[in-house]
């Protein structure tokens with residue numbers, strides 16, 4: 001048996017998320033059925049992270065075992081023939097048998113995008129949170145720095161507890177303005193706006209793991225900072241309160257992107 005790793009991009013708009021669900025179509029279900037058509041196998045696909053309904057991915061990673069002998073580049077091209085237009089298999093590589101898409105990941109990068117403009121943009125409505133009131137992105141960035149490090153993030157977790165522990169290590173967290181929407185940009189493709197200017201606000205976060213709605217709740221907590229209603233000290237207070245009721249609202253799903261999973 002071979003162990004294959006897929007790197008996948010998808011527009012999550014019409015899916016109930018990555019994981020198979022009884023209430024709608026998932027990305028995992030589409031890919032599983034495509035592999036079945038190609039190889040005749042019923043495979044168990046493991047993923048680096050479970051994106052929620054409406055959340056997008058630029059670099060989701062999945063792995064599965066197969067007896068198929070198709071070379072990896074031929075496999076990528078063949079399986080893409082069974083994909084809808086909103087899912088792209090970017091890469092297929094053969095990996096050691098002990099590789100596990102979930103447990104081998106050392107850290108993950110997520111991006112959240114806000115269109116901070118008075119005017120609605122009909123072309124980005126499925127891919128950003130359109131927020132009309134002016135936001136101070138520099139204040140949001142400054143306040144976000146209190147979240148860097150190893151903390152108990154239960155204040156930012158919906159329906160705690162969902163995991164054995166809510167302690168996570170946030171390694172990077174930035175909030176900056178950009179001039180463009182993120183749809184085609186991975187972590188290595190970002191060219192920062194030199195003046196920290198533009199209508200798009202990008203929050204970039206890297207951590208060793210994420211809790212349910214953690215990123216969206218962090219965004220919803222930093223937005224009141226951008227409005228001048230909360231301060232850096234309020235974010236610190238919320239973090240240490242260990243209560244979801246103290247944090248801000250959960251930001252809408254369509255602004256969130258799984259950018260990459262990072263492996264040794």
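The values are calculated or read from the model by the stated rules, or taken from the named source; none is laboratory data. Just so we're clear, the structure is a prediction, and the values are computed from it rather than from any experiment. As a convention, Cβ positions derive from the backbone with ideal geometry for all residues, glycine included, and neighbour counts pool all protein chains shown.
For the range 193-207, residues that are under 13 Å from the mean Cα position of the chain (by Cα) and surrounded by fewer than 21 Cβ atoms within 10 Å (Cβ to Cβ) total 2. Based on what the data block shows, is residue 225 closer than 21 Å to residue 148 by Cα, in contact with a strand residue (DSSP E or B) (Cβ under 7 Å, 6 or more places away or on another chain) and either at pLDDT 95 or above or assigned to a loop (DSSP other than H, G, I, E, B) (or both)? So residue 225 fails the test. Can you pull out every residue in the range 5-40 that is under 15 Å from residue 67 (Cα atoms) and in a strand (DSSP E or B)? The one that is under 15 Å from residue 67 (Cα atoms) and in a strand (DSSP E or B): 5. Quick test for you: out of 173, 147, pick the one residue that is farther than 22 Å from residue 58 by Cβ, buried (at least 16 other Cβ atoms within 10 Å of the Cβ) and at pLDDT 95 or above. The conditions single out 147. Where strands (runs of 3 or more DSSP E) sit wholly within the range 41-140, those with at least 1 residues that are within 17 Å of residue 7 (Cβ to Cβ) occupy 56-66, 87-95, 105-116. The one condition from (1) under 26 Å from residue 209 (Cβ atoms); (2) more than 14 Å from the chain's Cα centre (by Cα) that residue 50 does not meet is (2). Scanning the range 228-264 for residues that are within 30 Å of residue 99 (Cβ to Cβ) and assigned to a helix (DSSP H, G or I) returns a single hit, 253.
Condition check ((1) assigned by TED's automatic domain parsing to the domain that holds residue 203; (2) surrounded by fewer than 20 Cβ atoms within 10 Å (Cβ to Cβ); (3) touching a strand residue (DSSP E or B) at 6+ places or on another chain (Cβ under 6 Å); (4) on the phi > 0 side of the Ramachandran plot) across all residues:
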residue: 23; (1), (2), (3), (4): no, yes, no, no
residue: 37; (1), (2), (3), (4): no, yes, no, no
residue: 46; (1), (2), (3), (4): no, yes, yes, no
residue: 58; (1), (2), (3), (4): no, no, yes, no
residue: 65; (1), (2), (3), (4): no, yes, yes, no
residue: 69; (1), (2), (3), (4): no, yes, no, no
residue: 74; (1), (2), (3), (4): no, yes, no, no
residue: 88; (1), (2), (3), (4): no, yes, yes, no
residue: 113; (1), (2), (3), (4): yes, no, yes, no
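Considering only residues in the range 211-244 that are surrounded by fewer than 20 Cβ atoms within 10 Å (Cβ to Cβ) and within 19 Å of residue 165 (Cα to Cα), the one that is nearest to the chain's Cα centre (by Cα) turns out to be 212. Does residue 136 meet the test of being at pLDDT 95 or above, under 21 Å from the mean Cα position of the chain (by Cα) and assigned by TED's automatic domain parsing to the domain that holds residue 231? When the stated conditions are applied, residue 136 does not pass them.
Within the range 1-21, the set of residues being buried (at least 17 other Cβ atoms within 10 Å of the Cβ) and in contact with a helix residue (DSSP H, G or I) (Cβ under 6 Å, 6 or more places away or on another chain) comprises 10, 15, 18.
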